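The structure appears right after this line, and notes come after that.
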Amino acid sequence: MGSGSRNYSANPNDYRLLEEVGYGASATVYHAIYIPYNEEVAVKSLDLDRCNSNFDDIRKEAQIMSLIDHRNVVKSYCSFVVDRKLWVIMPFMAQGSCLHLMKTAYPDGFEEDAIGSILKETLKALDYLHQHGHIHRDVKAGNILLDSNGEVKLSDFGVSASMFDTGDRQRSRNTFVGTPCWMAPEVLQPGTGYNFKADIWSFGITALELAHGHAPFSKYPPMKVLLMTIQNAPPGLDYDRDRKFSKSFKEMVAMCLVKDQTKRPSVDKLLKHSFFKQAKPPELSVKKLFADLPPLWTRVKALQLKDAAQLALKRMPSAEQEAISQSEYKRGVSAWNFD
Amino acid sequence: MSFSFFKVSRPKTPQEVVKSIKESLMALDTKTVVEVKALEKALEEVEKNFVTMRTMLSGDGESEPNLDQVSQLVEEICKEDVLTLIIHQLPILGWEARKDLVHCWTILLKQKVDSNHCCVEYIEQHIELLDFLVVCYDNKEIALSTGLMLRECIKFPNLAKYILESASFVLFFKYVELPNFDVASDAFSTFKDLLTKHGNVVAEFLTAHYDEFFDQYETLLTSPNYVTRRQSIKLLSDFLLESPNAQIMKRYILEVRYLKVMMTLLTIFVANPNKPREVKIILGKNKGKLLELLHNLSPGKGSEDEQFEEEKEFIIGEIEKISLSGSF
C-alpha cells in the first residue's frame, strides 16, 4: 500500500484551511495545508446537523474511503469530528472537477483525445471498485477530479454502497440516490435490482457530458428526465455536431448506453475496446486543458458570484430547493459536489 | 514458474490447504519479521493460501463450493489451532490477506459440522481470542478488519455474553471516542450490537452491572464529541425500550441524576445560538408538549437541585423564545 505509509493526524490544529473550493447542501470543501508535512490537502467538512443520512451510512462511507487504495480513486487519509462537523481529509486535486472545468473554460465539451484519457482513467477506477465489490452509483463529470499534473481521480462516495451489503441503500432514503440525468433506466424503475451495470450506463452518459459540455436531457426538470430515460431511445453521439468524433468513440458510447443492462459490457470488457487502447496518457492530453487558467479558487469564486442570486433563494420549500440545487449543480457552482 | 506447466495440477485437499496455511503463518516468526525480503515472501505465501481457502469456502465465481470439502476444511482448521494462529498473526498481515480473511471468517463461523458451530465452539474454548480482537481497536491499521470479525462473533449469544462480562468490555467506552472517526464509529457499531442483538443476555448483564454500566454510559452522553453524544442517546433509547430491559428502564427513569443528563443534552440543542432550521422546526412543533413537561418537572428534594431549577428555567425561556421570534 503506497499511500498507507503516511499518517495524517486527527487533530484539526494540524490543518490550515485556505480557500473554499466547493460546497453542497451539507458539505464544504476547502483547500488546506497539512502543517506537519507542509502538504496541500482537501478538507471536506460535512455538517452533521444538516446531514440526513444516519451515522451508519456515514460510517460505511468513511470506511470505504479509508480502505480504498488505487491511484484513480480519491481516498480519505483520515476523518474526525470537529464540533458538529465531520472533517474528511483527502488528497487535493488542484484543478477541481471536469464539470467545473467545462463550465469555466469548455462550455461545449472537450476534444476527443482529452475525453479518451479522462474516461480511461475513470474506467480504471471503476474496475478497481467493482473488483472490490463496490458500486459507485454516481459516476458523472462533477465527480471526476483533475490534478495539475493531469492525474484523474473518481470521487464522491456519498451514495456508493457495498455490494456485500444486504441492506438496499437506494430505498433507505426518501429520494433517489444519484442524479437523474446519469441514472440507468433500471435504476429509475421500482422493483429492479441495482447492480454494477448501472455504473456503466452512467459512464456512457458521462462520456456524452464530456463531449457536449452537459449531460443529455440536462435542461429538463428531474421528473421529465426520469420519463425520457425510460421511454426514449438511448442518447448517443449522433448529432451533426458529433461528426468530429471517431467511429470507435461513438461505438463505445453506444455499447454503454444499452437499456438492457445484461447487454452492457463489464468494465473489464470495456477497457479492451479500441477507443481505450489508443487513449493517450493523461499527462499529454489532460494537463494542457488548464494551461492558461487562473487557480481553482479564483474560478470557484467567480462562479459563486455569478450565482449569488440563485443562492439567495435558499429559503424555499424542499421541492423547489431540490430543483434549484439541480440547476445549481448544472451551472457548476460546486466544483466538487460531495453530497 | 515454467515447471508448473508440466505438472498436472491436482487441486489441494482441505487438509493440505490447512497445512499450508498453518505453515505459512508459522513462517511469520520473529526472525522473518526482521528481514524485509523474507517477510515479504512469507506474507505473499500467506496471501496465496488465503485465496485458496477463500475459493474453497465460497467458490470461484463459476463453480459453487463443495460442501463436503468446506466441512472438512472447517474441522481441520479447528483441529490444527489455525484460528488462534490467524488471529495472533493478523497485525502483520497485508491488506489483501486481511480482506480475504474477513471474507472467510464470516463463512467459517456460520459453518456447521455435525450440527455444531465448530469454530464458535473453538472460540468458546479459547475465549481470550475475543479479548485479543477487542484490543485491536487500538491499532488503526487493522481495526476495521478486526471490527468486522468481532461483529461476526457477537452474532452468537455466548460470545456476546462473554465480551459483555469480560474486562475488555469497558474498553469500548474508550474506543468509541477515539479521534479517528472510521475506527471510533466501527467500535460504536460493535458496542451497539453488543447492547442490542441478544435481549436477554443484555438484560441479565445490565441487571448485574447496573451502576458501573450507567456511570460509564453517562460519560458518553456528556462527551465533548458531538457524534458520541448523538449516537449514545439514540442507542440508550434503543436498548432501554427493548422489552427484556423493561425493569432496567423503570429503574433508570427513577433517578434524578439521569434526568439531569437528559436536560443537559436538551440544553445543548436549545441553547445553540445557530440552531439549524430542522432543529427549530422540531422544537417549535413540540413546544406545547415540551413546556408542559418541563413545568410539571419537580425534582423536589435537596439544595443541590438549585442548578437543576436554573437550567430548567433557562430551557423553558429558550423554548418560549423560539416561537415568539417566529424565526422559521
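Please treat every number below as a calculation from the coordinates, not as lab data. Quick caveat, the model's predicted, so the values are computed rather than measured. As a convention, Cβ positions derive from the backbone with ideal geometry for all residues, glycine included, and neighbour counts pool all protein chains shown.
Summary of values
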item: Residue satisfying all of: in the stretch A:52-74; more than 21 Å from A:His132 (Cβ to Cβ) and more than 7 Å from chain B (Cβ to nearest Cβ); surrounded by the most Cβ atoms within 10 Å (Cβ to Cβ) among these; result: A:Ser53
item: Residue that is surrounded by the fewest Cβ atoms within 10 Å (Cβ to Cβ), among those in the stretch B:79-104 that are among the charged types (D, E, K, R) and in a helix (DSSP H, G or I); result: B:Lys79
item: Boolean, B:Tyr210 is of a type outside the set (Gly, Ala, Ser), away from chain A (no Cβ under 14 Å) and surrounded by 15 or more Cβ atoms within 10 Å (Cβ to Cβ); result: no
item: Residue in the stretch B:126-141 that is nearest to the other protein chains (Cβ to nearest Cβ), counting only those that are β-branched (Val, Ile, Thr) and surrounded by fewer than 19 Cβ atoms within 10 Å (Cβ to Cβ); result: B:Val135
item: Tally, over the stretch B:214-247, of residues that are of a type in the set (A, V, I, L, M) and away from chain A (no Cβ under 14 Å); result: 5
item: Candidate set: the stretch B:142-180, residues that are assigned to a loop (DSSP other than H, G, I, E, B) and within 14 Å of chain A (Cβ to nearest Cβ); chosen: the one farthest from B:Gln216 (Cα to Cα); result: B:Ile142
item: Within the stretch A:75-84, tally of residues that are more than 7 Å from chain B (Cβ to nearest Cβ) and surrounded by fewer than 23 Cβ atoms within 10 Å (Cβ to Cβ); result: 3
item: Meets criteria (in contact (Cβ under 8 Å) with a residue 40 or more places away in the chain, more than 22 Å from B:Ala160 (Cα to Cα) and surrounded by fewer than 16 Cβ atoms within 10 Å (Cβ to Cβ)) for B:Leu221; result: no
item: Whichever residue in the stretch A:34-48 is over 24 Å from A:Leu126 (Cα atoms) and among the hydrophobic types (A, V, I, L, M, F, W, C) and, among such residues, is nearest to the other protein chains (Cβ to nearest Cβ); result: A:Leu48
item: Residues of the stretch B:25-42 satisfying the condition of being closer than 24 Å to B:Pro11 by Cβ, surrounded by 16 or more Cβ atoms within 10 Å (Cβ to Cβ) and over 28 Å from the mean Cα position of the chain (by Cα); result: B:Ala27, B:Ala42
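Residues are listed down the side, and each one gets a yes or a no for (1) surrounded by 18 or more Cβ atoms within 10 Å (Cβ to Cβ); (2) within 13 Å of chain B (Cβ to nearest Cβ); (3) under 19 Å from the mean Cα position of the chain (by Cα); (4) of a type in the set (A, V, I, L, M):
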site: A:Arg50; (1), (2), (3), (4): no, yes, no, no
site: A:Leu86; (1), (2), (3), (4): yes, yes, no, yes
site: A:Leu99; (1), (2), (3), (4): yes, no, yes, yes
site: A:Thr104; (1), (2), (3), (4): yes, no, yes, no
site: A:Ile115; (1), (2), (3), (4): yes, no, yes, yes
